[in-house]
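One structure below.
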Amino acid sequence: MIRIFNSNTGKHHPRDLDEMFRLRKRVFHDLLKWDVSVRDDWEIDNYDDANPLYVLSYSDQTGRLRGSLRLLPTLGPNMLDDTFPILLGDNPQVRSASVWESSRFCIDPTISQDRGSNQVTIAAAELMCGVGELGLSSGLSHIVTVTDVFLERMFRRMGCPGERIGEPQRIGSVYAVAVAWEVTTGLLETMKAVAEIGGSVLEQPMSLETARAA
């Protein structure tokens, strides 16, 4: 199940955001050793001050947080244009009302082996399908992300290979790459078929506009 929070609604669910920021620290700082901003037990940066949407995946059986990601409109501050423009190659900045950026994609390492029969991590597939549903309901054309080549391979296994915007670049300890996905019904259906997901993954239907204004 996917729940969506913004900065305002998150104030009414402090435990959910606390668990998310703690998960981000465990994944990006403790496990992957990325050069990220840490505040006590949280991984949090300046993009979290830009009224992002947080997409959180919970277990239907236990209610436990399994993974999360962050969404930002590319018309405002975003990681690809403002922090990692080297990943654009010779392409122009991505600034469009119909393109949003996904970032800080992470899965709880303790349940990373919670996979379907096709070996796709259930929480990862649910997060991507949630973004697909939001994108379709909002009339988006594309989702872009900065990721590493390992996660890029995982996205391919999930049925959403995307298209590289530029060539991979060594950033810190990883090879990073910018990827764009076209938001289509066909792509969402493919992802759900690969992950064996039936029906909507969202707790309640919504668009990015309504989610951000809540």
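The values are calculated or read from the model by the stated rules, or taken from the named source; none is laboratory data. The model shown is predicted, which means the values in this text are computed figures rather than measured ones. Here the Cβ positions follow ideal geometry from the backbone for every residue, glycine too, while neighbour counts run over all protein chains shown.
Answer yes if at least one residue in region 107-130 is of a type in the set (S, T, N, Q), at negative phi, in contact with a helix residue (DSSP H, G or I) (Cβ under 8 Å, 6 or more places away or on another chain) and part of a loop (DSSP other than H, G, I, E, B), and no otherwise.
yes
Scan region 86-100 for residues that are touching a residue at least 40 places away in the same chain (Cβ under 8 Å), of a type in the set (A, V, I, L, M, F, W, C) and assigned to a loop (DSSP other than H, G, I, E, B) and jot them down.
Scanning region 86-100 gives a single hit, VAL94.
Can you confirm whether region 145-168 contains a residue that is more than 14 Å from VAL55 (Cβ to Cβ), of a type in the set (S, T, N, Q) and under 17 Å from the mean Cα position of the chain (by Cα)?
Within region 145-168, one or more residues are more than 14 Å from VAL55 (Cβ to Cβ), of a type in the set (S, T, N, Q) and under 17 Å from the mean Cα position of the chain (by Cα).
State yes or no: is TYR47 in contact (Cβ under 8 Å) with a residue 12 or more places away in the chain, buried (at least 21 other Cβ atoms within 10 Å of the Cβ) and either farther than 24 Å from ARG164 by Cβ or of a type in the set (Phe, Trp, Tyr) (or both)?
In short, no.
Hey, among TYR54, TYR47, which residue is among the hydroxyl-bearing types (Ser, Thr, Tyr) and farther than 15 Å from LEU134 by Cβ?
Sole residue among the options that is among the hydroxyl-bearing types (Ser, Thr, Tyr) and farther than 15 Å from LEU134 by Cβ: TYR47.
Starting from region 50-68, keep only residues that are within 14 Å of LEU17 (Cβ to Cβ), then list their pairs with residues that are among the acidic types (Asp, Glu) and at pLDDT 95 or above whose Cβ atoms are within a distance under 6 Å, requiring at least 6 positions of separation or different chains.
LEU65/GLU19
For region 119-138, state whether one or more residues are surrounded by 14 or more Cβ atoms within 10 Å (Cβ to Cβ) and more than 26 Å from SER59 (Cβ to Cβ).
Yes, region 119-138 has at least one match.
(1) farther than 24 Å from LEU202 by Cα; (2) of a type outside the set (Phe, Trp, Tyr); (3) modelled with pLDDT under 95: which one isn't true of THR9, the others all being true?
That leaves (1) as the condition not met.
One residue is enough: does region 60-76 have a residue meeting the conditions at pLDDT 95 or above, among the polar types (S, T, N, Q) and in contact with a Phe, Trp or Tyr (Cβ under 7 Å, 6 or more places away or on another chain)?
Yes, that holds for at least one residue.
Given the options VAL194, VAL174, name the one that is more than 14 Å from LEU127 (Cα to Cα), in contact (Cβ under 8 Å) with a residue 40 or more places away in the chain and not polar (S, T, N, Q).
VAL174
Has region 160-183 got at least one residue that is more than 30 Å from ILE86 (Cβ to Cβ) and at pLDDT 95 or above?
Looking for residues that are more than 30 Å from ILE86 (Cβ to Cβ) and at pLDDT 95 or above, one finds none in region 160-183, hence no.
For region 179-214: of the residues being charged (D, E, K, R) and assigned to a loop (DSSP other than H, G, I, E, B), which is farthest from the chain's Cα centre (by Cα)?
In this case the residue turns out to be GLU196.
Name the residue, out of LYS33, LYS25, that is part of a loop (DSSP other than H, G, I, E, B) and over 25 Å from SER200 (Cα atoms).
LYS33
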